[in-house]
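**Student:** Have a look at this one before I ask anything.
The values are calculated or read from the model by the stated rules, or taken from the named source; none is laboratory data. Since the structure is predicted, the reported quantities are computational estimates derived from the model, not experimental observations. Every residue, glycine among them, receives a Cβ derived from its backbone with ideal geometry; neighbour counts consider all protein chains shown.
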Amino acid sequence: MLTTGDMSPITVTGLTPGTAYTFKVMATNATGDSVLSQATTAVTPIAAYETSENSDGTVTLTAYNDTKKEIVIPNEINGKVVSKIGDNVFKDKGLTSVQLPEQLSNIGENAFSGNELTNVVIHRTGKAIYIGKHAFSNNKITQVTLPLGVVEIEDYAFSGNALPTVQIPSSLGTIGESAFSHNEMTSLKIPISLSTIGKSAFSHNKITNLIVPPYTVIRESAFSYNELTNVTFHIRVARIAEDVFSHNKLTTVAIPENIQIIGSNAFSSNQIEHVSFEGSPTIGANAFKQDATVFPEFVGWYTDASLSNEWNGISIVSGEKLYAKRKPNEPTDVKAVAGVAKATVSFTGPTHTDGNVVTGYKVKVFEGGQEVVGLETTGLASPITVNKLKPRKSYTFKVLATNKAGDSKESELSEHVVPRAPYVPTVPDNPAPQPTTEIIPLPADAGSVVTTATITRTTDPAGKKKDEIHFSPKHADEIVPNLKESGNEWARIVIPDTNDEVSELDISFHPDAMKTFRGSGVGLEVVTENARLIVPTESIANVTEHLYFRVLPIKDEKQKKEIEERAKQEEVVKSVAGNLRVEVASRPMMIETNMPNQPVDIILPLKGLMIPTDAKEREKFFNKLGVFIEHSDGEKVFVKGEVVLYKEGEFGLKFTVEKFSTFTIIQMEEGWKVPTINDQYTGQTTVLEQLVPIDKVWTITFNQAANPKTVNASTVYIYDEKGKKIDIESQLTNQNRSITITPVAPYAPDTSYYVYLEGSIESSRGKALGNPLRYVFKTKEIENLKN
């Protein structure tokens, strides 16, 4: 036998197991072969499989000696049928696929446990088939075929996999303890022939609906920790075991007449509101106890719908029904409308039957994220008016529902509203001064639109000035043809305030004006002395109604200081600035709109700052700036922004938002940390040597399924070499075992980037997937992008 190869070692195949062999080696080149080497020591190849003979002439596999990960187990070995696989034969072998013998009737304990199998097919043999303890536990199985003939599945046989369901054959009599626990099952059909379901057999799955056959004995905890919302009993056995349906999502339960015993904790930790009994069973301890962390509104059980007779927790009269006394759910859809030193708060209240009817509501008032003591207001229904609010202060509101069980949780925060000040004449003996109004034409500055739209400037008796601009369909019809003629795609509206005297700017667009902008593919830019708003065509395409922006510069020093103090306490700021000094660097801006959640660019001017003239010092200075955003829904964000030219001779910070709020430029003592390969990152770093294209999509595979709730923008993100966070889209694939990361816009050429995966990403079982990871890559230069 001759075998060739290019280098050492060389594998020789086709040898007969159990036969001794020696080997000699010779070298060869263009001129010929060398002499043979000395013979090796004799070796005896071993078989891939070891077997033992059974009494019926078949064999049992007792050992696997190969290293292959994808295997086909032969139907016969040495002419004898393989009918059994012994204990531990393929345990922890790293198998990724297996084809089982066609006459296999017995699979031993731990036979295939601890591998990476995804699909298992067991063949029908015409004989009884037994599956041993832990036979396929702790794999990645998503599909299993159980043929007619399987009579017993022992303890933990398929535990710790990813099965979405399982088809149980009518031949199966017993399912052992935890046999299918810790899978991903959402549905299950139990055949009427199944006699026993073992302890915890289907626990820790996601089953939502269950029909219990009449003669099946179900052991304790069999269906605990699922997502059951409905259980139907066709049961004729007399007992419901302990914990059997605990930790689910049941809201109603009907107990059949034949049930005589309900075990302890049988229905605990659900969200049950009604339990009806056709008989009078004996009830174990905490059988219907509701966990406060799962059902915090629950107060206690009562035997009447008016909730006046508390259940003793022990006895039940035939035909009786239990009613849960519960606190109401929180109100939703909370809205506020500002008035003169007041606000009107509307909401949608919860509804409940029985004695859990809502008896009233409480409105809590918040200023700067803190509840204002003494302003809580009660009422019987929506809307509720809150009085004694301070004019020109920004308020938000939360609503609670109440009944005789107590208060609900707080609703979500309303949007910010700013109450108006009442007008009180200062000299009552003289005629009250009246507001004055002037009409100012919009300037036709270079780059701005030419239109007959005007500014209506109102000055109140206190000298406060407010500008209003309304764009009618006529104005849009003036603007668009001029833009098309000049080849310009942006309707740029410049609103002057040379003396910095305007306290409020309201600019609105008629629905038909917006229709004209949409139809022409024109973007919109509003330029003021305090902010530039840039609405791209993609966002305008989603505006079908009247659109307005309200711009309110915050000039009051006290309000600036309040914002500064809030910024110091916010984690989003502290995560960047630490505990070092931060201060308001430029005028805060409150911007309101009815714009649907669409991207809009905002540029805030860097007014009144001493910006270095030296390029390096200027770059360091800009790195210490960021925009602190207080969204009206309570969310706080801190973004770096991009330094751009606001207007000639003046810089600004540009950033993108999809909802509007209060925006403040913050200056930090240190600044944003720029990630580099030499920084203090403590996780594992992998540097990719090969340059990548600017549209590179990354796919990273985990060693197990990830929990989608832990894969988000705070656990998966990318920074460039200047410390700017990159907009990406990440998506779990391959049954949550892989993640694809796609840049929203192409990467910059010849630039280094850093991909971060945080250690807080969890597996589907709630455990950490691994240590933090970082991948460093660089994009190709422009001239190499085509290669």
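**Student:** Name every residue in segment 711-729 that is more than 10 Å from Tyr756 (Cα to Cα) and not in a loop (DSSP other than H, G, I, E, B), in order of residue number.
**Tutor:** Scanning segment 711-729 gives Asp720, Lys725, Ile726, Ile728, Glu729.
**Student:** Determine which member of the set Ala405, Ala401, Ala432 is surrounded by 14 or more Cβ atoms within 10 Å (Cβ to Cβ) and at pLDDT below 90.
**Tutor:** Ala405
**Student:** Shifting gears a bit: When you check Thr58 against the structure, is it in contact with a Ser or Thr (Cβ under 6 Å, 6 or more places away or on another chain), surrounded by 11 or more Cβ atoms within 10 Å (Cβ to Cβ) and of a type in the set (Ser, Thr, Tyr), yes or no?
**Tutor:** The answer is yes for Thr58.
**Student:** Inside segment 47-75, can you point out the residues that are over 16 Å from Val89 (Cα atoms) and either part of a strand (DSSP E or B) or not hydroxyl-bearing (Ser, Thr, Tyr) (or both)?
**Tutor:** Selection gives Asn54, Asp56, Gly57, Asn75.
**Student:** Mind listing whichever residues of segment 589-627 are touching a Pro at 6+ places or on another chain (Cβ under 8 Å) and in a loop (DSSP other than H, G, I, E, B)?
**Tutor:** Within segment 589-627, Pro599 is the sole residue that qualifies.
**Student:** Is one or more of the residues making up segment 322-336 more than 16 Å from Lys409 (Cα to Cα), in the same structural domain as Val399 (by TED's automatic domain parsing) and free of Cβ contacts under 8 Å to residues at least 40 places away in the same chain?
**Tutor:** no
**Student:** Within segment 141-244, which strands (runs of 3 or more DSSP E) (wholly inside it) include 3 or more residues that are in contact (Cβ under 8 Å) with a residue 40 or more places away in the chain?
**Tutor:** Counting at least 3 such residues, we get no strands (runs of 3 or more DSSP E) at all.
**Student:** Out of the residues in segment 76-93 that are in a loop (DSSP other than H, G, I, E, B) and more than 25 Å from Glu116 (Cα to Cα), which is modelled with the lowest pLDDT?
**Tutor:** The extreme case among them is Asn78.
**Student:** Related question: Can you pull out every residue in segment 263-308 that is out of contact with any strand residue (DSSP E or B) (no Cβ under 9 Å at 6 or more places or on another chain) and either at pLDDT below 85 or buried (at least 21 other Cβ atoms within 10 Å of the Cβ) (or both)?
**Tutor:** The answer is Asn265, Ser268, Ser269, Thr293, Val294, Pro296.
**Student:** Among the residues of segment 44-81, what is the count of those that are under 48 Å from the mean Cα position of the chain (by Cα) and within 20 Å of Thr16 (Cα to Cα)?
**Tutor:** The total comes to 15.
**Student:** Does segment 669-685 contain any residue that is modelled with pLDDT of 85 or more and farther than 26 Å from Phe628 by Cβ?
**Tutor:** No; the residues of segment 669-685 include none that is modelled with pLDDT of 85 or more and farther than 26 Å from Phe628 by Cβ.
**Student:** Moving to a separate point now. Could you run through segment 124-140 and say how many residues are in contact (Cβ under 8 Å) with a residue 40 or more places away in the chain, more than 21 Å from Thr96 (Cβ to Cβ) and among the charged types (D, E, K, R)?
**Tutor:** Result for segment 124-140: 1.
**Student:** Condition first: in contact with an Asp or Glu (Cβ under 6 Å, 6 or more places away or on another chain) and in a loop (DSSP other than H, G, I, E, B). Now tell me which residues in segment 263-287 satisfy that.
**Tutor:** Listed by number, the residues that qualify are Gly263, Ser264, Asn265, Ser269, Glu278, Gly279.
**Student:** Could you tell me whether any residue of segment 61-76 is farther than 27 Å from Thr11 by Cα and either out of contact with any Ser or Thr (no Cβ under 8 Å at 6 or more places or on another chain) or not assigned by TED's automatic domain parsing to the domain that holds Val12 (or both)?
**Tutor:** No, there is no match, as no residue in segment 61-76 is farther than 27 Å from Thr11 by Cα and either out of contact with any Ser or Thr (no Cβ under 8 Å at 6 or more places or on another chain) or not assigned by TED's automatic domain parsing to the domain that holds Val12 (or both).
**Student:** Still on this structure, I have one more. Please verify whether Pro147 is farther than 22 Å from Phe233 by Cβ and surrounded by fewer than 21 Cβ atoms within 10 Å (Cβ to Cβ), treating the condition exactly as stated.
**Tutor:** Yes, satisfied.
**Student:** Within segment 479-503, work out how many residues are closer than 30 Å to Ala462 by Cα and assigned to a loop (DSSP other than H, G, I, E, B).
**Tutor:** Selection size over segment 479-503: 7.
**Student:** So if I check each of Val572, Val551, Val639, Val627, which one is closer than 28 Å to Ser414 by Cβ, aliphatic (A, V, I, L, M) and over 27 Å from the mean Cα position of the chain (by Cα)?
**Tutor:** Val551
**Student:** Right, something else. Read through the list (1) in the same structural domain as Lys636 (by TED's automatic domain parsing); (2) buried (at least 16 other Cβ atoms within 10 Å of the Cβ); (3) not in a strand (DSSP E or B), then give the number of the only condition that Phe517 fails.
**Tutor:** Condition (1) is where Phe517 drops out.
**Student:** Now a separate question. Give segment 125-140 a look and list any residue that's surrounded by fewer than 21 Cβ atoms within 10 Å (Cβ to Cβ) and not in a loop (DSSP other than H, G, I, E, B), or say none.
**Tutor:** Result: Tyr130, single match.
**Student:** Take the conditions surrounded by 17 or more Cβ atoms within 10 Å (Cβ to Cβ), part of a loop (DSSP other than H, G, I, E, B) and either not assigned by TED's automatic domain parsing to the domain that holds Lys474 or not small (Gly, Ala, Ser) (or both) and apply them to Val526. Does it pass?
**Tutor:** No.
**Student:** Quick check on segment 109-124: of everything there that is touching a Ser or Thr at 6+ places or on another chain (Cβ under 8 Å) and in a loop (DSSP other than H, G, I, E, B), which residue is surrounded by the most Cβ atoms within 10 Å (Cβ to Cβ)?
**Tutor:** Ser113
**Student:** Would you tally the residues in segment 1-43 being of a type in the set (A, V, I, L, M, F, W, C), under 60 Å from the mean Cα position of the chain (by Cα) and assigned to a loop (DSSP other than H, G, I, E, B)?
**Tutor:** 4
**Student:** Name the single residue, out of those in segment 642-653 being free of Cβ contacts under 8 Å to residues at least 60 places away in the same chain and crowded, with 18+ Cβ neighbours inside 10 Å, that is farthest from the chain's Cα centre (by Cα).
**Tutor:** That would be Phe651.
**Student:** Given the conditions (1) farther than 30 Å from Asn771 by Cβ; (2) at pLDDT 85 or above, report the number of the one that Asp633 does not fulfil.
**Tutor:** The failed condition is (2).
**Student:** State all residues of segment 460-513 that are basic (Lys, Arg) and surrounded by fewer than 16 Cβ atoms within 10 Å (Cβ to Cβ); if no residue qualifies, say none.
**Tutor:** Passing the criteria: Lys464, Lys474, Lys484.
**Student:** So, restricting to strands (runs of 3 or more DSSP E) that lie completely within segment 323-391, which ones have at least 2 residues that are modelled with pLDDT under 90?
**Tutor:** Filter on segment 323-391 gives 332-338.
**Student:** Next question, about the same structure. Looking at the structure I just gave you, is Lys362 outside the structural domain of Glu592 (by TED's automatic domain parsing), buried (at least 16 other Cβ atoms within 10 Å of the Cβ), in contact with a Leu (Cβ under 7 Å, 6 or more places away or on another chain) and more than 30 Å from Ile259 (Cβ to Cβ)?
**Tutor:** yes
**Student:** Out of curiosity, is Tyr423 hydroxyl-bearing (Ser, Thr, Tyr) and at pLDDT 85 or above?
**Tutor:** no
**Student:** For segment 41-58, what are the residues that are farther than 21 Å from Leu100 by Cα and either modelled with pLDDT under 85 or assigned by TED's automatic domain parsing to the domain that holds Asp87 (or both)?
**Tutor:** Ala42, Val43, Thr44, Pro45, Ile46, Ser55
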